[in-house]
Every structure is written in C-alpha cells, then in structure tokens.
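The values are calculated or read from the model by the stated rules, or taken from the named source; none is laboratory data. Given the structure is predicted, the values throughout are model-derived calculations rather than measurements. All Cβ positions, glycine included, derive from the backbone under ideal geometry; neighbour counts span all protein chains shown. Just so you know, the surface numbers come from the protein's heavy atoms only, side chains and all, with ligands and any DNA or RNA stripped out. Shrake-Rupley method; radii C 1.70, N 1.55, O 1.52, S 1.80 Å.
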Amino acid sequence: MSDFLSYHDDARLDRRLFLSGVAGTGKTTYATQHLLRWLERGTPPDTILILVPQVTLGRPYQKALHDSTYAGGAVRILTLASLARALIEVYWGLIAEKMGFADPAREPVFLNVEAAQYYMARVAAPVIGDGRFGAVNVAPQRILSQVLDNLNRAAITRFPVDEIAERLIAAWGEERDKTRPKVYEAARELANAFRTECLTHTLLDFSLMMEAFAAHLLPDPHVQAFLRNTFRYVIADNVEEDSPLAHDFLLWFLHPEKGGAQGALIIYDEDGGYRNFLGADPDNAAQLETVCEEKIALRQSFIMSPPLVALGGAFNRVMGDRFEPTPTDALPESFSLGTRRFYPQMIDWAVEEAIALVKAGVPPREIAILAPYLNDSLRFSLVYKFAERARAEGVDLPTLSHRPSRALRDEPVTRALLTFAGIAHPGMGYLPPTEDVGDALSQAVDGLDPVRARLLADIVYRKKDGVASFSPFAKIKADVQERLTYTAGERFDLLREWLDSYQAQCEIEGRVPVDHFWRRLFGEVLSQPGYGFHGDLEAGRIAAQLIDSAQGFRRVLYPGTDWDWDQVGGEYIGFVNARLLPALFPQSWQDEDSNALFIAPASTFLMRNRYVDYQFWLDVGSPSWSERLEQPLTHPYVLRRDRHLDQVWTDDDEDDAQTGALYKIIIGLVRRCRKRVYFALADLGESGHEQRGLFLRKLQAALRAGTNEEAVDE
C-alpha cells in the first residue's frame, strides 16, 4: 500500500490495480487520469471499458473525456445491464431457444422498470385479488415493485427464482407468524406468472437480461472470445455498489488465465454499500483484490477540513470498526446543533441558518438539506419557507429536490400536466375532476393562489358528453373577475386559447403522442413569464421526467407510428395514476451544476456521490435515520449470496443491520462535507412524540467522546 501516487506512473498502466480508500481521497480523479494516460500513450479507445453500477456514476469519465483532447465516443462507459443488453442483441439467435422463449425467431423487447411493472400488473390481478396478500399491508403497486425486486435479486446473486420464497420463509420463521409463508408463496406465484408472460411474448426485463448474461452468454466460448478481443482495459468504479454478478464478470475478466485484461483499475470505497437495497454487496466486491497485482490505498481526504476530520473521528470512536487519530480541539468548529421544542421550529431554525449562509456569500449549490425521509409535507414546508424567507431577505435562492423512489403521480407538477392532457384530448377518456383542475390552474398561472384557482375552475370548467372545456374569462361576472384579478384572467385566457388552438390543429393534422403535447405545452406556455413553471428548476426537471417516461412507454409498448395516440396516451395516464414507480431519469441525477440549494433524503445524497460545503441534517432525533424501510415481500439482507438458505433473521440481526447502516450514512455524509454540519433536533417530532432515536444517542456519545464543551444552541 502507498500514499496518493503520481498520475503519470506508466509502469502501472499495464497492471491490474485495486484502488481503495474512503470518499474524498481522490479515487475517481486518479481513475480519470489513468484513463487519459492510456489514451495519451496510444491505447485504442474502443478497447477500454468503464464499468459503473449506475449510468450516472459514469459522468466524471464523460466530463474528463469531453474536457480532454481525445474524442470520447469510442470509450464505452457501461453498466453490467447495458453490456448484457448489447451482447443479447448480438447473440440473440444463440440463446433465445435455450432460455425457453415461445418464439425464438421474434426480436426481443427490452423492458425498463416502468414497462416491467405494466406487464406484471396485467397478470397480477388474479393473484392480488384473491386476498392472499391480505396478511401484509402493502399497496398493489408496491407488491409489483417488490416482486420485481425479488426477481432481480435472484438474477444478480445467481440463485433460482423459486429459492426466493424459501429464503424469506426460513428467515421469518413460521413460529412468529404462520400467515407469512402463504404471502411468500403468493409472491412466488406472481413472479412465475410474470416470467411466463415474458417468455410467451419475448419480453426481457432486468432479471431475464441478467440471467441470460450469467447462464448463457458469459459461459459461451464465442462470447468470451468476443469480450477478450473487444476490451483489453477496464476501469470498474464503485464496485462496492455493484452486484455479485458484476463481481463475477470482473473476476473472470481480470483472471490472467480466463479473461486476460491487459490493464485494469478496480475502485473500492471502504465505507460504501449504500445501494444494498438494490443488490450492492461490498463484502463480495472486496474479493476483487485477490486477482489484482497491486493494491493502492488512498488515505488523505481532499474534501474535509480539519474540523470535519475531527467530527468523523468522533463518530468512528463510538461506531466504527477502526480508530482514526484526530485532533479533538477542532471538533466544536465542525458543527452547529439547534434544538427546538417543536418540529416546525426546527425547520425554521434550519431555514434561517441556511439563509444566513447565502447572505454571507455561500453559493446555494454548496448547501444540502438532508433528512432520513423526505415526505410531501416536509418538502413543501422547506421549499415554501425558503422561497418566503429569500423574498424577505432579497436573496436569490432556487431549490432542487430529488426523491428517485417517488411515484410520478405524487408530484403536483405531474398532476397538473395530466389534467391539461385530459382536457386537450377527449379521446383519452380521462376527464379530470374539478378539484384537480383547480390545483392545475394554481400550479400553472403565476399569482393564482389555490383558493382563487378553485373558484376559477368551478366557474370556467365544463364537462359535457365526455368532453372537457374551458369557457372564457370574459364571461365571468365583473365582481368575480376583480376578485380573481384581471392579470390572472389574462394569463388563464392565453392558456385556454393555446389549448383550443392545439385541439384545432390536431383535428387538421392528426393526433400526436402525449409526450409531444407536454413538450409543447411546457415550452410554449407554462415555462414562459407569467406562468407557474417559469424559472422553476424543480418543475422543469419533473416535466422532463414525465415526458421522458411517456416517450419510453410508447416506444417499448407501441413502437412505430400507426397507433391511436389518444388511446395510448389514456393508457399511459392510467399507468401514472396507478402510482407505479418511475424508471431511472439520469437528468435528475446530473444537476450539480445548477446553483440551487439541494433537498433530498440522506441516502439519495450519498448515492449521488456529491460534495458540498455545508450540510443540514434534519430531525436527528428521529428513529427513521436507522430504521430500515419496511418491505414485507423482500429483504435486502436475507436475499444475499453469503447468507445461508435456512437462516432465521433475528431481532439481533436487525439491530446490527440498523447500527451498521446508520454508521455508513453518518460517516459517508461527514466525508462529503467540507466545512460544517448543522444538526437540527426537535424534542417533539412531526407526529408529536418525543424523539430519542439511535442516531441521537450515537451523536451524543460522539460529542461526549470528542469534547466536554457545551455545544447546544438554545
């Protein structure tokens, strides 16, 4: 092992290197320079593979290539899923019949997570409707997502699909609840029904792609020869966030007698593993060191200031498995602790402190507001209070939030766009209720508050013979016009006229897909001055995600142009209204360049691998910081490769998992902060109960271990 090494050490370019360290020690920077050195010496770009667990984590390499003198298009930056898909497309004829597809001659249809949920919903009704899931309180859309999750876990850990139920039944233990085995058997039946649907109609979801790769592609000598001849160099970043199947591929690729990579760089974050709910296995990733010729360990943080180093050391002393000597005299400079009696007061304290930073010249992008979970009420409170205080103080403070597991239907912007689509497309068969129209007008027309927007909707919104329409503002009584304001009325009329013009154009030129409608509506009206989405980065991101989702839906399910687009649009709106989970939207993970204050769950911030100067940790007394999200049909720890099939999951196991996960979150956040952490504590939580969660106890212990000074801001 060694300290941070020169990027220009050419002797290492043709070796297999295992690069480890914690966040902020320069691992990815080292890797991008390693990549550029390969190119500088003449390595053909198309022989280089960069493997990442999520496509957005490849962005540093894209930027490095873009900023360099080398054309980066030929360097492949892939996830294992995208590599598997490319190989399936090439070798489909060799594997289709072996995999059991009913029509091997038919071209495969690749399903993203949205399309997979759509097809599973088609076969789920008989299984869900007979009441066998009644023993667990799970909404139908969550049943679909958790069953898909089980299929995916089976594929990436490489155990049979039928073994999922056996593992869950054994882990739960029949003595604790005799109804659970029946639930897991119902989940197995649903998984098998979905798999039959895929094999019948030549559909490949993520799990089937991974099974095809593991069972039929990688063992094939032709595929092995193709991979050896195509890729000679590999960089695998964040391997601790990747799956056991990805590690299997790398073990083969790096083995000198099997894959035969000429040069490799494997990057391992020692504190990582935040994607365990998606199958990440950091313990399994550590074995990649055994096939590398040299290990490089980076220890110096280029992110944390000395006070933050002291804060990380304090948490390590009470929670970690290693001692890091740190100067405790700097600890008081690393944090502020604001305790308030009530939850709203805690939020007010955090908002005031963040506003003070912005007034002092801190760019908004250098501030992150983090919570264990970001529900609608907390998000609304934060966004509203920041906007209100920013106006009062005369500062520019845009905000962005990110909740990747949130259904599109839960976003007010989405509901507004769905409402306008229903009004503009009678053939969809979707007539929005008046309350939704009022909400949409409040969202769309700047200066129209919810009360007046609902009044306007009650007056101008009409539904007759299955057709919705708006009447002109001029037909409203004068006293009501004055109450609504003429400015709002003028903006409403422009929106109404645009919708009427759009419908007239469709009657002449023909209907278009609903994503085309939303793109035009947003660009030509809603994002313009005087309308609610003007200058709103969050609204723009959500609208772009909805458009991207609708476009992907029709391209997968309705390829080509010969379709009734109103019918397809109505089907898509039904899909969104069912609150199924959206697919990955890369743009929402790539907005770090926006100068906006960032609001997100702590785990989401960690998975973005982002660094900021200041972090606010809200509600540190809440038990939600350590409690695992309840998923009764799946289990991220039980469905692991290294866990025995018949092993019961005990309360002690759960306690250990909670403590370990909390430590990863805490130390991961500290390592991604440059200057100061603000701990926000409410004696009484959002529900009115006293807050004394595991995080608060560990925080108190860490501060006692690091300093004897009183550090509470009353």
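Given the residues Gly312, Gly259, which is the only one that is at pLDDT below 90, more than 20 Å from Thr56 (Cα to Cα) and open to solvent by less than 10 Å² (accessible area, probe 1.4 Å)?
When all the criteria are applied, what remains is Gly259.
Spot the failing condition for Ile347; the list is (1) among the β-branched types (Val, Ile, Thr); (2) touching a strand residue (DSSP E or B) at 6+ places or on another chain (Cβ under 8 Å); (3) open to solvent by 40 Å² or more (accessible area, probe 1.4 Å), and only one is missed.
Unmet for Ile347, out of (1) among the β-branched types (Val, Ile, Thr); (2) touching a strand residue (DSSP E or B) at 6+ places or on another chain (Cβ under 8 Å); (3) open to solvent by 40 Å² or more (accessible area, probe 1.4 Å): (3).
Consider Leu417 carefully, then state whether it is over 25 Å from Asp564 (Cβ atoms) and of a type in the set (A, V, I, L, M).
no
Among the residues of the stretch 108-144, write down those that are of a type in the set (Phe, Trp, Tyr) and in a loop (DSSP other than H, G, I, E, B).
Phe133
Out of the strands (runs of 3 or more DSSP E) lying entirely within the stretch 587-706, which hold 1 or more residues that are on the phi < 0 side of the Ramachandran plot and without any contact (Cβ under 8 Å) to a residue 12 or more places away in the chain?
none
Against the definition (surrounded by fewer than 17 Cβ atoms within 10 Å (Cβ to Cβ), among the charged types (D, E, K, R) and either assigned to a loop (DSSP other than H, G, I, E, B) or free of Cβ contacts under 8 Å to residues at least 40 places away in the same chain (or both)), how does Asp439 come out, yes or no?
The answer is no for Asp439.
Taking the stretch 532-553 only, how many residues are open to solvent by 20 Å² or more (accessible area, probe 1.4 Å) and either of a type in the set (S, T, N, Q) or not in a helix (DSSP H, G or I) (or both)?
6
Going residue by residue through the stretch 638-646, is there one that turns out to be open to solvent by less than 10 Å² (accessible area, probe 1.4 Å), over 25 Å from Gly312 (Cα atoms) and not β-branched (Val, Ile, Thr)?
Checked against the condition, which is being open to solvent by less than 10 Å² (accessible area, probe 1.4 Å), over 25 Å from Gly312 (Cα atoms) and not β-branched (Val, Ile, Thr), the stretch 638-646 yields at least one hit.
Answer yes if at least one residue in the stretch 241-259 is small (Gly, Ala, Ser), under 29 Å from Ala11 (Cα atoms) and free of Cβ contacts under 8 Å to residues at least 12 places away in the same chain, and no otherwise. Lay out the reasoning, then the answer.
Residues of the stretch 241-259 small (Gly, Ala, Ser): 243, 246, 259.
Checking which are under 29 Å from Ala11 (Cα atoms) leaves us with 246, 259.
Checking the rest, the ones that are also free of Cβ contacts under 8 Å to residues at least 12 places away in the same chain come to none.
For the stretch 241-259, residues small (Gly, Ala, Ser), under 29 Å from Ala11 (Cα atoms) and free of Cβ contacts under 8 Å to residues at least 12 places away in the same chain: absent.
Taking the residues in the stretch 188-213 that are assigned to a helix (DSSP H, G or I), open to solvent by less than 10 Å² (accessible area, probe 1.4 Å) and not polar (S, T, N, Q) as candidates, determine which candidate is nearest to Glu97 (Cα to Cα).
Ala212
Listed here are the residues, each with its yes/no results for (1) over 19 Å from Glu114 (Cα atoms); (2) at pLDDT 90 or above.
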| position | (1), (2) |
| --- | --- |
| Gly394 | yes, no |
| Leu400 | yes, no |
| Ser405 | no, no |
| Arg409 | no, no |
| Thr414 | no, yes |
| Phe420 | yes, yes |
| Asp439 | yes, yes |
| Ser442 | yes, yes |
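How many residues does the stretch 82-97 contain that are open to solvent by 20 Å² or more (accessible area, probe 1.4 Å) and touching a residue at least 40 places away in the same chain (Cβ under 8 Å)?
Final tally of qualifying residues: 4.
Checking Ala135 against (1) within 24 Å of Ser549 (Cβ to Cβ); (2) touching an Asp or Glu at 6+ places or on another chain (Cβ under 9 Å); (3) at pLDDT below 90; (4) crowded, with 16+ Cβ neighbours inside 10 Å, only one condition comes out false. Which one?
Failed condition: (1).
Out of all the residues in the stretch 382-424, which are over 27 Å from Val362 (Cα atoms), open to solvent by 40 Å² or more (accessible area, probe 1.4 Å) and of a type in the set (Lys, Arg)?
Arg409, Arg415
Residue by residue through the stretch 216-227, note down the ones that are in a helix (DSSP H, G or I), without any contact (Cβ under 8 Å) to a residue 60 or more places away in the chain and loosely packed, with under 15 Cβ neighbours inside 10 Å.
Passing the criteria: Pro221, Ala225.
Condition first: among the charged types (D, E, K, R), at pLDDT 90 or above and in a loop (DSSP other than H, G, I, E, B). Now tell me which residues in the stretch 272-298 satisfy that.
If the condition is that a residue be among the charged types (D, E, K, R), at pLDDT 90 or above and in a loop (DSSP other than H, G, I, E, B), then Asp281, Glu293 are the ones that fit.
Among the residues of the stretch 689-714 satisfying the criterion of being modelled with pLDDT under 60 and among the polar types (S, T, N, Q), which is most open to solvent (accessible area, probe 1.4 Å)?
Asn708
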